[in-house]
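Student: This is the structure I want to talk about, given as structure tokens.
The values are calculated or read from the model by the stated rules, or taken from the named source; none is laboratory data. Computed from a prediction, not measured in an experiment: that's the story for all the values here. Heads up, the Cβs are rebuilt from the backbone with ideal geometry, glycines too, and the neighbour counts pull from every protein chain shown.
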Amino acid sequence: MKILVTGGCGFIGSHFIRRLLMEGNNDKIKIINMDKLTYAGNPNNLKDVKSDKRYKFIKADICGRRAVEKCMKGTDIIVHFAAETHVDRSIIDAGSFVRTDVLGTCVLLESARKAGVEKFVHISTDEVYGSVEKGRFRENDAVMPNSPYAASKAGGELLARSYFVTHGLPVVIVRSSNNYGPFQHPEKFIPHSITNLLRGRNIRIYGNGSNIRDWLFVKDNCAALETVMKKGKPGESYNVGGGHEKTNIDAARKIADIMGMRDCIEFVRDRKGHDFRYALNWKKTAALGWKPETGFDSGLAGTVKWYRENEWWWKPLVS
Ligand code: NAD
């Protein structure tokens, strides 16, 4: 079984690869990790598995047809994580998001079609649905992305869907909520807050902090992704939520409490087009036999501990 993972040196992709190599009885798998190593890709994320004989890293851009076709040869399953992922960056430079998240996805789909892969697992996001004040999005709801990041992810997944309908490529789409955990780049909210406190700085909150996110521990997400990879039905989408909705100010206070800090939160001008709330109904994924296992308090405490103990990892990434 050859699995091609794109973006495996990023946050979620690296956890997913480690899970496939370390957990379960996966002696017969071969994993190819194709990653361009942008600022977000970090070989240190997979330091512990780099000499595993079942694993191979290839530095390449998913927009490059030749490199993609080479990696795709003999692939049974592709799990496509590679993307530009930071909303703030997409507000400043949408072009790089369209290039990787849409064009790069197109190159992969076309190559996967030619290679006749068994399954194409397309990693999308809850952000494609846009914001909702009440209730929870289901898989068949319309996509209504609001940030250039969400729009580029929606473009990529719509293209993936079209390859299922038009060409019969066995695509499954996964839309997960906000992940957190070890190895997440310190530009993202939770690690940004933790590493700011560790450096004697304040946590910075956009607007008044009332925006709501549903937090999902990264290992729970990877369990869901493996479930969908194995049991998901081609042509279907699957929501994956954590079941822990928190306002940003509540999440920030929890981090500050865990770290024993007080009066360390400051409010800054709101992000343009800031979505108020993301919320998913993930019963369809639960029906495949998955549920999130990690409580927010314990997941957050473990994450804080990890950043405390691993300055070597995050210090070079912050200014
Ligand atoms: P990340 O930014 O940590 O990692 C992205 C990886 O993709 C990096 O290793 C980077 O080097 C690689 N990459 C970027 N452009 C590339 C290109 N052109 N060619 C090859 N590799 C390239 O991202 P993440 O947080 O791990 O997210 C992974 C996926 O999950 C993304 O598709 C994202 O949209 C989705 N997602 C993330 C979250 C979250 O909370 N982090 C939630 C839902 C969905």
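Student: Mind listing whichever residues of the range 72-112 are under 16 Å from Ile123 (Cβ atoms), near the ligand (Cβ under 9 Å from one of its atoms) and in a helix (DSSP H, G or I)?
Tutor: Those that are under 16 Å from Ile123 (Cβ atoms), near the ligand (Cβ under 9 Å from one of its atoms) and in a helix (DSSP H, G or I): Thr100, Asp101, Gly104.
Student: Within the group Gly64, Gly24, which residue is at positive phi, free of Cβ contacts under 8 Å to residues at least 60 places away in the same chain and surrounded by fewer than 23 Cβ atoms within 10 Å (Cβ to Cβ)?
Tutor: Of Gly64, Gly24, the one residue that is at positive phi, free of Cβ contacts under 8 Å to residues at least 60 places away in the same chain and surrounded by fewer than 23 Cβ atoms within 10 Å (Cβ to Cβ) is Gly24.
Student: Next up: Kindly indicate whether Val268 is buried (at least 17 other Cβ atoms within 10 Å of the Cβ) and of a type in the set (A, V, I, L, M).
Tutor: no
Student: When you scan the range 45-65, do you find a residue that is within 10 Å of the ligand (Cβ to nearest atom), closer than 30 Å to Tyr206 by Cα and in a loop (DSSP other than H, G, I, E, B), even just one?
Tutor: no
Student: Suppose we filter Tyr149, Tyr163, Tyr129 for residues that are more than 20 Å from Lys283 (Cα to Cα) and within 14 Å of the ligand (Cβ to nearest atom); which single one remains?
Tutor: Tyr149
Student: Consider Leu197 carefully, then state whether it is farther than 30 Å from Asp76 by Cα, more than 19 Å from the chain's Cα centre (by Cα), more than 9 Å from the ligand (Cβ to nearest atom) and buried (at least 20 other Cβ atoms within 10 Å of the Cβ).
Tutor: It is true that Leu197 is farther than 30 Å from Asp76 by Cα, more than 19 Å from the chain's Cα centre (by Cα), more than 9 Å from the ligand (Cβ to nearest atom) and buried (at least 20 other Cβ atoms within 10 Å of the Cβ).
Student: Of the conditions (1) surrounded by fewer than 13 Cβ atoms within 10 Å (Cβ to Cβ); (2) of a type in the set (Ser, Thr, Tyr); (3) at pLDDT 95 or above; (4) under 27 Å from Ser90 (Cα atoms), Ser298 fails just one. Which one is it?
Tutor: (4)
Student: Separate question: Can you tell me how many residues in the range 1-16 are under 13 Å from the mean Cα position of the chain (by Cα) and not in a strand (DSSP E or B)?
Tutor: Final tally of qualifying residues: 10.
Student: Another question, if that's okay. Return yes when Arg269 is over 16 Å from Ala287 (Cα atoms), of a type outside the set (Val, Ile, Thr) and out of contact with any Gly (no Cβ under 9 Å at 6 or more places or on another chain) and no when it is not.
Tutor: Against the criterion (over 16 Å from Ala287 (Cα atoms), of a type outside the set (Val, Ile, Thr) and out of contact with any Gly (no Cβ under 9 Å at 6 or more places or on another chain)), Arg269 does not qualify.
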